[in-house]
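The structure under discussion appears below in the form of structure tokens.
Laboratory data are not the source of any read-out in this text; all were calculated from the coordinates shown. Just so we're clear, the structure is a prediction, and the values are computed from it rather than from any experiment. Every residue, glycine as well, gets a Cβ built from its backbone with ideal geometry; the counts of neighbours run over all protein chains shown.
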Amino acid sequence: MRRVLAVALVLVALWVGGASAGVAGVAAIGITVSDLDRSVAFYTKVLGFERDGAIVDAIGEPYETLYDVFPARLRRARLRLGDERIELTEWVTPAGRPAPEVSRSNDRWFQHVAIVVRDMDAAYERVAKARVRHVSPEPQRLPDWNPNAGGIRAFYFRDPDGHPLELIWFPPGKGDPRWQQRTRRLFLGIDHTAIAVADTDASLAFYRDRLGMRVAGESENWGTEQARLNAVRGAHLRITGLRAASGPGIELLEYLEPKTGRPAPGDVGPSDLVYWETRLVADDEATLAALGTPVPVPGRALGFGEAARLTDPDGHHLEVVTP
């Protein structure tokens, strides 16, 4: 009875936007890949990530229950860049579907991670030598008329499976102050993961009011540079940055123009290559239970004891775990 009452109280706090309940941090960004060894080599050798532990080989009923797939066998590598982490997962079974041949930045299955660099020209030269697939024709400098984004340089490209990634450089006075610290490292960390959304207000009701994240910044971006960055002609975006107490941010990208972005397919599964999953850490066990049905993971094999999976209003996937 006490547990039921605690869960009910957490639900009330979440839905009224109480800052004391919700998620404590963004722990990792998960990406489904077709060849784990190839992807690990790309992220470590080209983008400066480091291995964070051994590759996990997970099989059996707990993962079938957690991810709603059958039969389940997966291989997962955790990689670190600065203080942030990504997780690459190859599904041995079931086999997943390839990403759509034509996938645009305003399609609402779009998600990327923004990798902060010390020197944009050097970073671009590094990825260009690796013959990455360009999305942007070259790094773009956002114009000074935009008070929140002016002077930022950014470049979109794709990993070996076609997942979109971003290099981003912040001028002094913009972004987290830690990105201005003196270092010899070229690739510094992950500032945020960005997701395309249909309606910012609906997304805020989910991420801010339900999960307890805070709005950390807003911007409205348009013009030639923005269109070339996203490879979307006439791009005009409402951008809203969200933060928890720790970890990278979640950035909402609502395309005010053009309104041609396609909704995410409703049947995307964890083994499909278009699948991303953002892992959040719940404040406590009661919060986790209020958000979904927790599934135990034996021996914390995936780095957590139990997890509940959610989808946001646009179908982006999240995994909420206990501390």
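Find how many whole Å separate the alpha carbon centroid of the range 102-160 from the alpha carbon centroid of the range 193-272.
Rounded to whole Å, the Cα centres lie 16 Å apart.
Which of the trypsin sites (Lys or Arg not before Pro) found in the range 216-323 are in a DSSP loop and have at most 13 neighbouring Cβ atoms, other than their own, within 10 Å?
Here the sparse-neighbourhood loop sites are Arg233, Lys259.
Stretch Arg80-Arg97 to full length: gain in nm at 0.36 nm per residue minus the Cα-Cα span?
Full extension from Arg80 to Arg97 adds 3.4 nm.
Using bins 10 angstrom wide from zero, how does P(r) for the chain break down, in % of all Cα pairs?
Binned Cα distances yield the sequence 6, 27, 36, 24, 7, 1, 0.
In terms of modelled amide H atoms, which long-range or inter-chain residues lie less than 5 Å from the amide H of Gly247?
Correct list: Val26.
Would you calculate the separation in nanometres between label points at Ala301 and Ala216, each defined as 7 Å from the Cα along the Cα-to-beta-carbon direction?
3.3
At 222 nm, what helix-only mean residue ellipticity would the chain give, in deg cm²/dmol to the nearest 500, using -39500 (n - 2.57) for each DSSP H run of four or more?
It comes out at -5000 deg cm²/dmol, rounded to the nearest 500.
Which ³J(HN,Hα) values in Hz, rounded to whole numbers, follow from the phi angles of the range 295-301 under the Karplus curve 6.51 cos²θ - 1.76 cosθ + 1.60, where θ = phi - 60° and Gly and Pro get x?
Per residue, the Karplus-derived 3J(HN,Hα) values read 10, x, 10, x, x, 6, 4 Hz.
Give me, ordered by chain and number, the residues 5 or more places off Arg262 or on other chains with an amide H under 5 Å from its own placed amide H.
Placed amide hydrogens put Asp107, Arg108 under 5 Å from Arg262.
Quick one: what are the phi-derived ³J(HN,Hα) couplings along the range 55-66, Karplus 6.51/-1.76/1.60 with θ = phi - 60°, whole Hz, x for glycine and proline?
5, 9, 10, 10, 8, x, 4, x, 7, 5, 6, 4
Considering amide H positions built from the backbone, and no H for Pro or chain starts, which residues 5 or more places from Ala235, or on another chain, come under 5 Å of its amide H?
Sorted by chain and number, the residues that satisfy this are Ala227.
When the Karplus curve 6.51 cos²θ - 1.76 cosθ + 1.60 is applied with θ = phi - 60°, which whole-Hz ³J(HN,Hα) does each residue of the range 245-252 get, with x for Gly and Pro?
5, 8, x, x, x, 10, 10, 8
Rounded to the nearest 5, what is the percent of antiparallel bridges among the DSSP beta bridges in the range 111-257?
DSSP beta bridges in the range 111-257 are roughly 75 percent antiparallel.
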